Amino acid sequence: MYNIFYDYGYLSIIFTIIIIILLAVILTNFIVFIINKISNRWDLEITLNYLLKDLSKYLIWIVAFFAILETVGVDVSAIVVSLGIVGISFGFAARDIISSFLAGIFIIADNTVKIGEVIEIGDVRGRVKSLGFRTTTLVTPDNLIVTVPNSVLSTNLYISYTYFDEQRIDLEVSIPYNVDLENFKEIFIEQTSALDWVLDDPKPRIVVKEIISEEITLKISAWANEYSKIEQYRLNLANETRKIINELYKV
């Protein structure tokens, strides 16, 4: 026989679950809005802003998840006890995830990496776009997105350019052995200093790397302050150096 009360109870559970999800979404958006307002009002560091928002989202959705389990009749207390038993086995299986999560907490707490700064780890260099509990997202000079596990940041050496707005652009070039190095250096500094992106301080410089029978290898450097255009500046510097060699020394 058709049981309307059974259907009513079933629909009631679905309706309650929908309400819980909607409340979680609304509360999450509200908390994010409040945190952004507080950050703007008190000029909080952007890294802390991301931390508070991520932490709030995790807590809200964890509570919502357990509330949904309670709604469908699952004994949450039994799950908590089971998690304690299963947690050991799960910990071994997910040790990399847990390691990254814990590393993210320490990185954020120690404030060693900040949103907007430029870091270099291994052969990857980029500006920190976002810093989460598990991963850090970098944007490279050619606009590639690189996701780095926080466990990698915590266990490997990396270079931070936090406190320096200037970026040095280095190139290695070879010039004929019979070129007057002092004269070349003078012309190079004069012409590259005239480029609109090259900083006056520090000035462009030249360092001799190697001298062989037919040519001299030089390391040339110039400084710029717009990280997003570093690769464009590197090409510009190479082209300017080529002009100096070709036009002045008729190579």
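The numbers here are math on the coordinates, done by the rules we state, and not lab data. Predicted model, so just to flag it, every value in this text is computed and none were measured. Neighbour counts run over all protein chains shown; Cβ positions are idealised from the backbone, glycine included.
Structure above, values below:
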quantity: Overall form of the range 103-210 per C-alpha gyration tensor (a/c, 1.5; a/b vs b/c); calculated: prolate
quantity: Candidate lysines - alpha carbon under 21 Å from LYS53, same-chain residues fewer than 8 apart omitted; calculated: LYS37, LYS114, LYS129
quantity: Kirkwood estimate for the range 107-160, i.e. one over the average of 1/r between Cα atoms, Å; calculated: 10.9
quantity: Check: the range 107-160 dipole with +1 on Lys, Arg Cβ and -1 on Asp, Glu Cβ, in debye; calculated: 160
quantity: Under 14 Å from the TYR177 label point (7 Å along Cα→beta-carbon), backbone N, the range 189-227; calculated: 210-217
quantity: FRET efficiency for ARG205 and THR16, using Cβ-Cβ distance with R0 set to 45 Å, rounded to 0.05; calculated: 0.05
quantity: Point-to-point label distance, ASP142-LYS219, nm (Cα→Cβ direction, 7 Å offset); calculated: 2.3
quantity: Lysines whose Cα lies under 30 Å from that of LYS185, excluding same-chain neighbours fewer than 8 positions away; calculated: LYS203, LYS209, LYS219, LYS229, LYS243, LYS250
quantity: Quotient of Cα Rg and 2.2 N^0.38 Å for the range 138-195, N being how many residues it contains; calculated: 1.82
